[in-house]
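Only the coordinates and a few stated rules stand behind these numbers; no lab work does. What you see is a predicted model; the values in this text were computed from it and never measured. Note: ideal-geometry Cβ built from the backbone for every residue, glycine included; neighbour counts use all protein chains shown.
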Amino acid sequence: MSYLLVSEPERRLIPSSGVRGPVPLLIAIMTFVMVVVAAAGLALANTASVVRSGVEHRYSIQIVDGAARAPAAIAAARAAPGVALVEQVPEEDLRRTLERWLGPAGAEADLPIPAIIDVALRPGADPATVKSAVERAVPGARFIAHRASLEPLLEALTGLTRLAFGLVLLIALASAAAVVLAARAALDTHRATIEVMHGIGATDRQVARLFVRQIALDALLGGVAGAAVAGFIIALILGGAGLAATLAGAPLLGWSDALLLALLPILVALLATLVARAALLRALNDRL
Amino acid sequence: MTGTIVEFDRVGLRYGTGAEVLRDLEFRLAQGAFYFLTGPSGAGKTSLLKLLYLAQRPTRGRMTLFGEELTGAPREALPAFRRRIGVVFQDFRLIRHLSAFDNVALPLRIGGASEEEVEGPVREMLAWVGLADRASARPPTLSGGEQQRVAIARAVIGRPELLIADEPTGNVDAAMAERILHLLTAMNRLGTTVIVATHDLGLVAATPGAQLVRLEKGVLVDPTGALKHPPGAPPRAGEARR
């Protein structure tokens, strides 16, 4: 923290124009990309969570060509422990669904369709018990977890979320590398001043302090600007994504997500400060 | 003169993989004395001064400053020693974007002095070097002699124990050279050990009591013997005064 407290005479030693360079713009761009990618990652994570919770404890009993055996399966399921809901999907609904894929042929009465029974279990119920009860009552019936059907989608969402957060880390690393280069360039620009200071007895910490404060301010300025632009664009996108939010059953980004995104420029500035301090002390240590 | 402030023991210096620019330097400098370092161009005067103001480390031998062996001293230990040394560089090395006041105040601020502690001494020092009315001027607007005096003021503001000046009169006229020499001898009278590298033998002649250290081709030439055993410093064990 003492690195950020620099007196007015100390500030005069290193004119701010000598440190600034492209750092604020670079950090602004990096933060913009970081916030957008992080928002996408959070939205994907939220969507996956909504989808996962929607199918959690939901199962289907499928009886191929056996609509007549459906009542037995329903009875067996209702009798099993931990079952909250058992409901057969009406045949009309199934035919309507088939019609979307097969056209008018899907609605023909002679097309055999399976009986589908939706089952919801209470939290903590053992699906294996229900499955064996149903299979005992109706041999050949299939007891299918909804989650199993959606697993590829959930895996894809999880993968994309991880990719987004990985990209955020990569951008953070790239920002850190840019700060290191900026810090070294600033040292080179002010080599003469630093040599005089060292010659007079300044410690590396005293020299580094002059640059760290400016780099921290530049990073904060760039970070806030980049995050503000990103926030505006995200707000526009979310405004047009009302349908997606409705389908998902929850907003794509919550308040906690917004808070996390708002913290990103501060984290970027903090990272820049720590990286600049380490890079400066390391570079100064290479001199006598 | 109460003791030894600098001691070199078979010190050598080379830059990179080049030939040694200083070889087997062995001498002691007495505290409170006034020394002139002379020698032809390329003799190694500036290199020797760099060793003295800790801008370079010897590549071999042993160097003792203020009674502390510094050859293997950690880098973090050097700033404290540098604060006890004042340096007047040949090219002044003033910070161009700072005022004369800020340039002179730099050693005090680096030493941790508050602004209240800086104001008075810096004004006093600028008056001492005759630049009281140029306090807010920046180096590019000062003449060579004025810059030289700002550099001297900066070197002595912290009351250094050792004052090193590299060709302090090289860029000024005779009157200014005399004035600068007066400033240096005044510091010496206050107890500061002064080492001045110069080509100007007139300067040497004008400084009674000063001793001569002569370098040629990186080795010490010591016809008087005063260098190895300056007045006040006893001969080392096993050595006889020549």
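One table, with the values for the structure above:
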item: Gyration tensor verdict on segment A:22-118 (Cα atoms; rounded if a/c is under 1.5, prolate if a/b is larger than b/c, oblate otherwise); result: oblate
item: Distance between modelled label sites at A:LEU98 and B:TRP128, nm, 7 Å Cα→Cβ extension; result: 10.6 nm
item: Residues B:GLU69 and B:GLU20, FRET efficiency given R0 of 22 Å [Cβ-Cβ distance, rounded to 0.05]; result: 0.55
item: Potential extension, A:VAL50-A:THR129 segment - 0.36 nm per residue separation minus Cα distance; result: 25.8 nm
item: Student exercise, segment A:153-209 dipole from Lys, Arg, Asp, Glu Cβ charges, in Debye to nearest 20; result: 100 debye
item: Pair-distance profile P(r), taking every C-alpha pair of the protein assembly as shown, with 20 angstrom steps and integer %; result: 17, 31, 19, 14, 12, 7, 0
item: 5 angstrom amide H check on B:GLY61, placed H, neighbours 5+ away; result: B:GLY12
item: Amide H within-cut-off set for B:ALA33, under 5 Å, with H built and near neighbours excluded; result: B:VAL194
item: Theoretical FRET efficiency, 1/(1+(r/R0)^6), r = Cβ-Cβ of A:ASP286 and B:ARG60, R0 25 Å, to 0.05; result: 0.70
item: Förster-model FRET efficiency, 22 Å R0, A:ALA174 and A:LEU274, C-beta, rounded to 0.05; result: 0.90
item: Inter-site label distance for A:VAL229 and A:ALA105 at 7 Å from Cα along Cβ, in nm; result: 5.5 nm
item: Farthest positive-ward along segment A:65-139 dipole, Cα basis, beta-carbon charges - from A:ILE116, A:THR97, A:VAL130; result: A:VAL130
item: In nm, spacing of pseudo-spin labels at B:VAL204 and A:ARG184 (7 Å Cα→C-beta vector); result: 4.6 nm
item: Fraction of alpha-carbon pairs over 24 Å apart in chain B - percent; result: 45 percent
item: Per-residue HN-Hα couplings for segment A:270-287 [Karplus 6.51, -1.76, 1.60; θ = phi - 60°; Hz; x = Gly/Pro]; result: 5, 4, 4, 5, 5, 5, 4, 4, 5, 5, 5, 5, 5, 5, 5, 5, 7, 9
item: Helical contribution to [θ] at 222 nm, DSSP H n ≥ 4, -39,500 (n - 2.57), averaged over chain B, rounded to 500; result: -9000 deg cm²/dmol
item: Orientation-averaged projected area, Cα convex hull of segment B:94-158 (nm²); result: 3.7 nm²
item: Principal axis box of chain A, alpha-carbon based, largest edge first, Å; result: 97, 38, 27
item: Prolate/oblate/rounded call for segment A:65-139, Cα gyration tensor, a/c under 1.5 rounded; result: prolate
